[in-house]
Amino acid sequence: MDFKIALVPGDGIGPEVIEETIKVLNKIGEKYNHKFQFTTVLAGGAAIDAVGNCLPQDTIDVCKNSDAILLGAVGGWKWDTLPGDKRPERAILGLRKQLGLFANLRPALLFEELAEACPLKSEIIEGGLDIVVVRELTGGIYFGEKGFKDTELGRAAYDVEQYAEEEVRRIAVVAFDMAMKRNKRITSVDKANVLESSRLWRSVVNEVAKDYPDVELNHLYVDNAAMQMVRNPKQFDVIVTSNIFGDILSDEASMITGSIGMLPSASLAKGNFGLYEPVHGSAPDIAGQNQANPMAAILSAAMMLRYSFGLLKEADNIEKAIKSVLSQGYRTADIMSSGYKLIGTKEAGDRIISQL
Ligand code: IPM
Ligand code: MN
């Protein structure tokens, strides 16, 4: 089959990890007889430098005309002093909103080969960790009304957290469907003891739960959830939460798996369309040095094959190839420990390809 993929390499280590991902996809295409057609577009700091705008219209058009988007990372020191609405990060927010990518899936999986990299005590993670954070991605405080006003205490700034019932319902449905395919447990995270928007969130999640009698639903306040994540992470299967809480909890979930350099993500619209990106970000400190771990980007491509293209065995093949490279003892710098063989970005890509 033929698939059109929009590539957004972006900034920092983005281009390097995307390059390895393309190599892997081309090998998968050869092996299983698919054609992946790539169109590279600009976004983030790279776009600011080239055309003075972090998200050019052409980028949005190419993305809309593709079957899926693969993104490296955006942002870096160079653009850190720009005003809020001009920063490279706006490109990601713009893509999410304009393409309707409301459902963000962030699996936090502890690879058994990397158990030593987990900062939690071994008895806490015994048997492994396998959590998916389902984060609402186009609503809440990220997209609510924002601005400045004068108050008794002087100038103030505000960002409004607002959720419509329908926004909660559709993300809850994604999470419950996901739970049905996994261990049938959902934790909905909110701050319903304080926030009106969270009380609405909780009541809609309870309504949706009625359609899924086999799924066990639990509600946690976000402060408690953050604590439970390090105290007893094995209690979690699927976590569903708002945009801002999901941003924070998914970083925490990624940390307990040992390396953020290993974690992929999918941002899905209604239907099969999605944007796939590594969770790690642009890491400007190691950019261009052949040090970045391309595995998160490559695992993101595997998610793309699975969720947008329905290519399940191809996705499995990629995941197995990565596991075998790890079990052969090869490690990029972020997951390196003594006794293992240090490899760079390109060699990691090559070794994965050789296992496909
Ligand atoms: C993420 C990032 C983004 C977010 C930033 C870069 C806008 O932190 O994808 O988690 O806050 O959503
Ligand atoms: Mn984040």
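The values are calculated or read from the model by the stated rules, or taken from the named source; none is laboratory data. What you are looking at is a predicted structure, and each value in this text was computed from that prediction instead of being measured. Backbone-built Cβ (ideal geometry, glycine too); neighbour counts: all protein chains shown. These area figures cover heavy atoms from the full protein model, side chains too; ligands, DNA and RNA do not enter into them. Shrake-Rupley method; radii C 1.70, N 1.55, O 1.52, S 1.80 Å.
Less than 5 angstrom separates the built amide H of Arg87 from none of the residues sequence-distant by 5 or more or on a different chain.
Peptides 328-335, 247-254 ranked from most to least packed by the mean count of surrounding Cβ atoms within 10 Å: 247-254, 328-335. Once backbone amide H atoms are built at 1.01 Å from N, Ser188 has Asn218, His219, Leu220, Val240 as its partners under 5 Å, excluding neighbours fewer than 5 places away on the same chain. Size of the range 274-356: Rg and Dmax of its alpha carbons, in Å, are 13.2, 39. Using the Cβ-Cβ distance between Glu145 and Glu252 with R0 set to 25 Å, the FRET efficiency works out to roughly 0.35.
Taking the range 119-256 as the region of interest, the number of lysine pairs whose Cα atoms are within less than 21 Å, with members eight or more places apart or on different chains, is 6. Here Lys78 is the anchor, and the aspartates and glutamates within straight C-alpha reach of less than 19 Å, apart from those fewer than 8 places off in the same chain, are Asp11, Glu16, Asp49, Glu89, Asp285. Close amide H pairs (under 5 Å, H built 1.01 Å from N) link Gln291 with Thr345, residues at least 5 positions away or on another chain. Each principal axis of the Cα atoms in the chain has its own extent, and those three values, largest first, are 59, 51, 41 angstrom. Computed over the range 119-256, the P(r) curve from all C-alpha pair distances, binned at 5 Å from the origin, holds 2, 10, 19, 21, 18, 12, 8, 5, 3, 2, 1, 0 percent per bin. Here the accessible area is traced with a 1.4 Å probe on the protein chains. For the chain, carbon and sulfur cover 51 percent of it. Only beta bridges with both residues in the chain are counted; by DSSP, about 40 percent of them are antiparallel.
By the helix-only formula, in which each DSSP H run with n ≥ 4 contributes -39500 (n - 2.57) and the sum is divided by residues, the chain has a 222 nm mean residue ellipticity of -12500 deg cm²/dmol. Size of the range 103-196: Rg and Dmax of its alpha carbons, in Å, are 18.7, 57. Taking a straight Cα-Cα cut-off under 19 Å and skipping sequence neighbours fewer than 8 places away in the same chain, the lysines within cross-link reach of Lys27 are Lys4, Lys35, Lys313, Lys320, Lys323, Lys346. Positive end of the dipole of the chain (Cβ unit charges, origin at the Cα centre): among Tyr221, Ile256, Phe176, the Cα lying farthest that way belongs to Phe176. Within a straight-line Cα-Cα reach of under 17 Å, Lys64 can be paired with the following aspartates and glutamates, leaving aside sequence neighbours fewer than 8 residues apart in one chain: Asp2, Glu277. In terms of packing, defined here as the mean over residues of other Cβ atoms within 10 angstrom, the peptides 29-37, 88-96 line up highest first as 88-96, 29-37.
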